[in-house]
Each structure stands twice: as C-alpha cells, then as structure tokens.
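Beneath this line is the structure, given in structure tokens, with notes to follow.
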Amino acid sequence: MNATPKPPLEPPKRPPSVAPPLWNDSHIMAKLLRRFTDLRRFIATLLEGPLARARRREHLFLLITAILLGVMGGYGAIGFRYLIGAAHRLWFGTSDYGLSVLMDIPWWWRLIAPTAGGLLVGVIVYRFAPEVRGSGIPEVMESVAKKGGSIRFRVVLTKAAAAAITIGSGGSAGREGPIVHIGSAIGSVVGQVLQVSAKRLRTFVACGAAAGIAATFNAPIAGALFAIEVVLQDMRVASMSPIVISSVVATVVSRHHLGDFPAFSVPRFEMLSPKELILYGVMGLIAGVIALLFIKSLYFSTSQFEKLRLRPWLKPAVGGLCVGVIALALPNVFGVGYETINAALRGEPIELHLGQSFSGAHILILVLGAKLLATSLTLGSGGSGGVFAPSLFIGATMGAAFGELAQNFFPDWAAKSSAYALVGMGALVSASTHAPITAILIIFELTNDYRIIPPLMLACVIAVLFSSYVHKESIYTEKLTRRGINLSAGRDVNLLRSIKVANVMDEQLQQVLASQPLADLVPILLNGDKPTAVVVDPDNRYVGTVDLIDVREVLPQTEELGSIVVSADVADPTT
C-alpha cells in the first residue's frame, strides 16, 4: 500500500501586528524619564571623588548643598508659575487669569475648559505617577516618615505638568502644595545623587519644601517653619541651619525675578478696642468649624469618586465638569482665587458678573461655600493641586463676612472687615493644617505689623485647638490615615534609630553577688547612690536586677530573714 502523502508544510503564520497603545511605556515621556535616570547615575559617578572629599568637611558640604537647593527650589517655584501661565494661555488665550477674562468667555467654554483639563490630568496622573494627585504634601510627609525621604525623580516633571494643567484650565486648587512637592522632590533627588544618609536626605527634602513656600509667599521665616512643623513634624530638628539657608536663598531668587512685594495686597491692620479680642476669639471658633467642614467635604468627595464606576483617568474630567457648572454662576471658583482674596482683604465688593459687583456677608458666604465645594470636587476627583490657597480663600471670605456682621452688631468694637479677613486667613489655615506657627508667621510676614500678633495668635490657637479636639487629623494627615499610615509610628522608629545604646545605658549600677544575704543587701540599697543593684553569679554572669521597692515588704523581717533570703531570691531576671 502506498502511504498517504503528507501535505506540504506551511510557513508559520505571523501574529497580526498590533499597534502599541498611545500611552505605553515606549511613549516619549517614559523615554525622557529613563534618560534622566541615566543622567543622574552618570552625575553620581562623576561626583564620586569630589563628594568623598566634601564629606570630610560636613558643615561646608551642608552649606553648599543648602544654597544649591534654595536656588533650585526658588527657580522651581518661578518656573511652575510660568507653567501655569502657559497652561492658562492655552485654555483661555491669555496668561492673565483675572476675573475679567474668566467672566468674558462664553458659558460653554467654562464647562469645556476644566473638563478637558481634567481629562488630560487623569491620563498623566494614572499613567505615570499616581502619587502626584492631590496636593502632594501628604506624600512628602509619608516619604519623610516612612521612606527615609526618598521621592522618585519623575514626580518633578509629572507634578509640574499635572498641577499646571489643573490650575491653568480652571480647576479649583492652589499652587503652594505642588510647589512644595516639586521642591521636596528636587531635594530628594539631589540627596540621592549625592548618596547621603537617610537623615541627611530627610533634611534635603525639608530644604526643598522650605524653598518652595518661601519663594511663593516671599516669606523666608514661614517657609522654614512650614518645613519643620508640617513636613518634618518635629520642632526639635537638629539640622535647622540648612533649612533656613535654603529658605532665605529661595526668597532672594524670587525677589530678584518677581519683585520684593507680598503675595497679597494687605491693608494696614487696626484694632479699635481690647474688647475686639472677644470677637476674634469667636471667629477662631467659627474658623475651626469651617476647617472641619472643609476636611470632611474634601475626603467625602474623594470617597464618592473612588466608588464611581468609571475609568480612573476619566474621573478628574467629571470633577472638572462639576466645577464648570459652579463657575457658570460663580467664576470666582476658577483657579487659585488670589483676586477674590485681595478683594476681601481690601473690603471691596466681590465681582460675580462682568461689570457687576456685590457686597454683603451673604455674598461672601455664598462665594465661600462655592469655593469649598469646587475644591473638594477638583481634588476629590483626582486633580492635582494644593489646599493651601483654597484655605486662604475660605479664611479671607469667612473673616470678611464675620467682620461685616461684627460691624453691624458691635459698631463701637469692630474695626474694618479687612482686618478680620486677614486674621481669618491665618485661623483657617491653622485649623485645617494643624500648623498654627506657620499660619501666624505667614500672616505676620505679609503685614510686617506687630499689632496683628495678639488677635492673630488668639484666633489661630482657638481654631486649631477646637479642630484638633473634634478631629485629630489635619487636612494632610487625613489622607494618610485613610491609607492606614501612622506617621507618629514612623517618627518613633526614626527617633529610636537615632539613639545609640551607649548613650542611654548606665554603667554606674552597683553589683551584688547572687549569694549575698538580705541583711547585707538592704544597707547597700539604702546607702548607695541608687536604690538599684545588678545581681551576678560568681562567674559575673547576669542573674537579675533588684530594687529597694522589691524588698520593701520584707524590710521589717530583715533580722529574721537576713541569713535565709539571698539576693537571687528577690532579683527580677526580666529587667
């Protein structure tokens, strides 16, 4: 029989070519990030020799690095502001993001602009660096407490891009949080390139944060204290000098390029009567209540967006659309909101429509509520931006509204509403961030007027005491607590790691033999330098510790038990 012929072998079929998705790892940004990583490694290799010599002179090394971080942080803050202007020019045709421009645009563009911006931000955040959503300050705090200050380099690029688009397209957020995140990331990257210890790396992160705040508010003292009080959360920090140097250098850089003037148009502060302190105390209590409402609103929005059955990168677009709906009636909620803050500080009417301004406590309260809601929607949906400027906005409008009511009910006590707006800013920031010293110093550096200190301190302290008593977490730590991160536990670990056993051990304890009779042991405990003794055996091996408290019950029977009971019988081997 003839064998059945086998069919000819066919060449293997090639799998159909699949076009790579638009935002895959081979995208140009991912390539850029890899190039920067290679550059960082090259610089580290290049500096290996000089670094070894520089570390021999520790103080000089810290001084030079602090100056470098101050310069980089200052230029980072300036560059980020220009990046926001470029994003605003892209969306609204001009870098002037004043209310007159926002009110002159068509109603439908008020809806499209923040929606499109949110869509682009969603792609950037969820594709490249999820940690850049929100203000970024909680992530910096986590890196300091849990990761030794290590922050990825890509945060510098992605945070700048995402936050600039969020704010520039009309999202309700501040630029201070992103600047702190960018500055901290710069400090961390420099520390990693220089191959410093974890302790030094945390200090460099704080230097970058201080530089960002100082350059933003033209306030070097507040910048340094913000880094210590909020980022490090340790007022006992030993390496304060480099943080202060970075803050001062960043302020110099900012003043050189942006001018030597405060961030806000601050009027002259006045207080008519000592009785007015009672009103400021009441306003501090109200600020604590509103700060709690702000915190609850922000994280309620976050939880609701997390439950929303949508692709994660689409959620910021939904938040942007909601903000656009609010802006149809109140465009003041767009962006950072400094123009409305300045109007509240000057006691001027609030502009709501083109060519139409309104005054009164009810208008201020309306704008306050709209800003609180818009910020919660922007950041809760996954947008990138800070909560510091919204806190200032809410505090200024709250204070101005309280001042107008105070003038109506207590005309002989209350000064102008602008004074209350100024103190209200500090009180709201203090209550929401749980950083009263930073809040007090920022307002003081804005005014350079010592007369504001008593009412400002009173309002800030009452606000933070009330808010922390009702809810112990700040607007920053609440985010970490919801993830199950306990910052205090991390700080305890860092503290214990920094303490050596040799520094706390006591080498002067008395030693007694295990066979020492009680009659001989009691006089040693009574007459020695310390009422404690270490019990050892004849080979000088540890048996336990005996304290005068341990033998107090048998002291009356010392004569009877003196030769029967020995040291080993009353020694505690667990101590």
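Key figures
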read-out	value
Net lengthening on full extension, residue 101/residue 314 (0.36 nm per residue, minus Cα-Cα)	73.9 nm
Cβ-derived FRET efficiency at R0 45 Å, residue 572 paired with residue 71, nearest 0.05	0.15
Rounded FRET efficiency, nearest 0.05, which uses the C-beta distance separating residue 510 from residue 64 and R0 of 45 Å	0.35
Between the stretch 405-431 and the stretch 263-291, the alpha-carbon center distance in angstrom	4
FRET efficiency, residue 530 to residue 485 (Cβ-Cβ, R0 45 Å, nearest 0.05)	0.65
With all protein chains modelled, accessible area of residue 201 [1.4 Å, Å²]	20
Shape of the stretch 181-275, Cα gyration tensor, a/c cut at 1.5	oblate
Sequence of 521, 373 from largest to smallest accessible area, 1.4 Å probe	373, 521
Shape call, the stretch 98-143: gyration tensor on alpha carbons, a/c limit 1.5	oblate
Sequence ranges 410-419, 302-311, 269-278, ranked by mean other-Cβ count within 10 angstrom, highest first	410-419, 269-278, 302-311
Potential lengthening between residue 270 and residue 564 on full extension [0.36 nm per residue; Cα-Cα distance subtracted]	97.7 nm
Net charge over other residues, Cβ less than 13 angstrom from the Cβ of residue 119 (K, R count +1; D, E count -1)	+3
Cα gyration tensor shape for the stretch 327-478, rounded if a/c is under 1.5, else prolate or oblate	oblate
Label-point gap, in nm, between residue 470 and residue 307 - each point 7 angstrom along Cα→Cβ	2.3
Chain lengthening between residue 94 and residue 234 when straightened (0.36 nm per residue, less Cα-Cα)	46.1 nm
Accessible-area ranking of 104, 96, largest first, probe 1.4 Å	104, 96
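The values are calculated or read from the model by the stated rules, or taken from the named source; none is laboratory data. Please read all numbers here as calculations on a predicted model, not as lab measurements. Cβ sites come from the backbone with ideal geometry, for glycine too, and all protein chains shown count toward neighbours. Protein only, heavy atoms only, side chains kept; ligands, DNA and RNA dropped before computing areas. Shrake-Rupley method; radii C 1.70, N 1.55, O 1.52, S 1.80 Å.
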